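Heads up: the structure comes next, in structure tokens.
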Amino acid sequence: MQTHQILARFVLALAALAPALGAQQTLDAPPPAHDVAFAFDSGAQANHSGAAAVVISFQAKVAGAPWMRLFFSSVELAGDPGAGNGSVLRLTSLYDAQVQELDARGLRDWSNSSAYFNGESVLVEVLAHPGSGDNRVVLDHANAGLPTAETDSHCGIDARVPSFDGRGARLLPPGCTAWIISDCKSCFLSAGHCVASGMVAQFNVPQSTGGGGLVHPPIEDQFPIDASSVQSQNAGVGWDWAYFGGLTNNLGETPLQHQQARWAISATPPFNSADVIRVTGYGVDSGSANQIQQTVTGTWTNLSVNYANFNTYVEGGNSGSPMIHEQSGVAVGVVTHTSCPLPSVQQNYATRITQAAFAAALANPLGVCAGSGCNAVGSAYCPTGPSMSVISATGSASVSTNDLVLHANNVPTNKSGLFFLSRSKQTLPFGISSLCVGGGGQPILRLPAVNSGATTRLTFAVNLNSLPAGEVLAVGDVAYFQAWFRTGASGTETSNGLQVDFVP
């Protein structure tokens, strides 16, 4: 076994730089950090003993750093993970004992880097099986936090409160916000100007230090971003968005499997002047609230073709946050810019989901966001009128994941409703609208819907395993859905029809 200790000391010299003021400013906030070079090569090391053993061990240290992330020029791991004799790179924080273990696949996913560790020292080890071959570690540098923090600008009245929405993530190193959406693979949206190499999405972020320094969550709450999945645009207000996917964590979970939550997105929010906008993200703040998740509500002020204006308190770090339409609970845009500190009333900007390039990217996912089992969640048919309710769906239409959710928007508030399901479709007069399901002797099932209450929306989570006998949906089946709801004491109305093709 070869043992080394690496020490890197730095002198803090931080100059305060005033941001350039313009008509609009982006809302990213990279945490204060610097790169510390290491020139360390373990050389080839093999296990010549009769049992699994540590063959490489050294300590990477940046004195005084509150946190660090390691980057390797090269890591060679002997053996075959599939055969059970693959070597493992084990990284351990000497501050809080968090451990990350990476085999050859994990190193590819993390692009030869580590997760973010708290503290100034990380123990680096390679565990190898006997007779499996040579191992080698070449450490290039560490990205180390500086013992300082950004503070909020106090532009307007800060009404943010701590929140714990499992759909939102802190995106590092750009210092932005990303969030899980209800596309086929439950990928992320963020701002285009936040895209950087080696991005990591962090969930369940703990409070920062009293001085505002970031504290990183456990390793299982950190997910590397798949570079091959990234699609983005960064050309100013209305042309600023990013769409990408997260790879698995150290438990082998996807972000959705770990968090069990995601945002539905909507291209056509039913805005009116009384509607509320919510922004949930990781904006900078003073003390322990710095770049933890907080939420705030406000009003929307304008809709343009490519962007929406809204008036809430936002800060650096809110870039990429969802612009949430509070009444319907769906996300309708990606927060990107602010005019603060001018004018006196904060005017903010979000790229709309309907922006052409943005919509095209969502329709054509790449990398981990694409792949088997991805198809259009549903295709609409049988329109019933210009002011009809619109039924849509989120989820993968996958029998294996069983996560299809139906939505009917533009439903009168406080009205009950149902969803119809049939194996066939038709178009027949039905009150003032049309019946779009059934026909050909096929039965129509009536599925309970969540009452719209104070919102203008009906929802139903389709549990494919709890349908009546003989009606359970399987791979290759096609089903037709429609919403039905009351409009008054005796009036009723239906939505369009939605065809869903079920896949593995």
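Every number in this text was worked out from the coordinates using simple rules, so none of it is lab data. Just so we're clear, the structure is a prediction, and the values are computed from it rather than from any experiment. A quick note on method: Cβ atoms are made from the backbone with ideal geometry, for glycine too, and the neighbour counts reach across all protein chains shown.
In this entry, the stretch 161-356 is assigned a mean projected area of 10.6 nm², taken as a quarter of its C-alpha convex hull surface. Note on the stretch 26-103 and the stretch 113-162: Cα centroid distance 11 Å, given to the nearest whole angstrom. Projecting the Cα atoms of TRP239, SER319, THR301 onto the charge dipole of the stretch 216-322, computed from C-beta unit charges around the Cα centre, puts THR301 farthest toward the positive end.
Between ALA39 and TYR95, what is the FRET efficiency for a Förster distance of 22 Å, r being their Cβ-Cβ separation, to the nearest 0.05? Display every interim value, and only then the final one.
Working: r = 24 Å, r/R0 = 1.10.
For ALA39 and TYR95, the calculated efficiency is 0.35.
Report, ordered by chain and residue number, the aspartates and glutamates lying within cross-link reach of LYS415, taken as a straight Cα distance under 13 Å and ignoring same-chain residues fewer than 8 apart. Straight-line reach from LYS415, under 13 Å: GLU493. Start at zero, step by 5 Å, and the Cα-Cα distances of the stretch 190-255 spread as 4, 17, 20, 18, 18, 14, 8, 1 percent across the bins. Backbone geometry of the stretch 40-51 corresponds, through the Karplus equation with coefficients 6.51, -1.76 and 1.60 at θ = phi - 60°, to 3J(HN,Hα) couplings of 10, 9, 6, x, 6, 9, 10, 9, 9, 8, x, 9 Hz, x marking Gly and Pro. Counting every other Cβ atom within 10 Å of each residue's Cβ, LEU77, LEU362 order from fewest to most as LEU362, LEU77.
Listing TYR95, TYR480, TYR349 from fewest to most neighbouring C-beta atoms within 10 Å gives TYR95, TYR480, TYR349. Size estimate for the stretch 33-145 follows the Kirkwood approach: the inverse of mean 1/r over distinct Cα pairs works out to 14.1 Å.
Under 10 °C and 1.306 mPa s, how fast does the stretch 150-232 diffuse according to Stokes-Einstein, given a Kirkwood radius computed over C-alpha pairs? Answer in µm²/s, whole number. Rounded to a whole number, D works out at 111 µm²/s. Set the Cα radius of gyration of the stretch 237-300 against 2.2 N^0.38 Å, with N its number of residues, and you get 1.50.
Cβ-to-Cβ counts within 10 Å put TYR307, TYR381 in ascending order as TYR381, TYR307, the fewest first. Karplus-derived 3J(HN,Hα) values for the stretch 218-231, using 6.51 cos²θ - 1.76 cosθ + 1.60 with θ = phi - 60°, are x, 4, 5, 8, 10, 10, x, 8, 6, 4, 6, 8, 6, 10 Hz; glycine and proline are entered as x.
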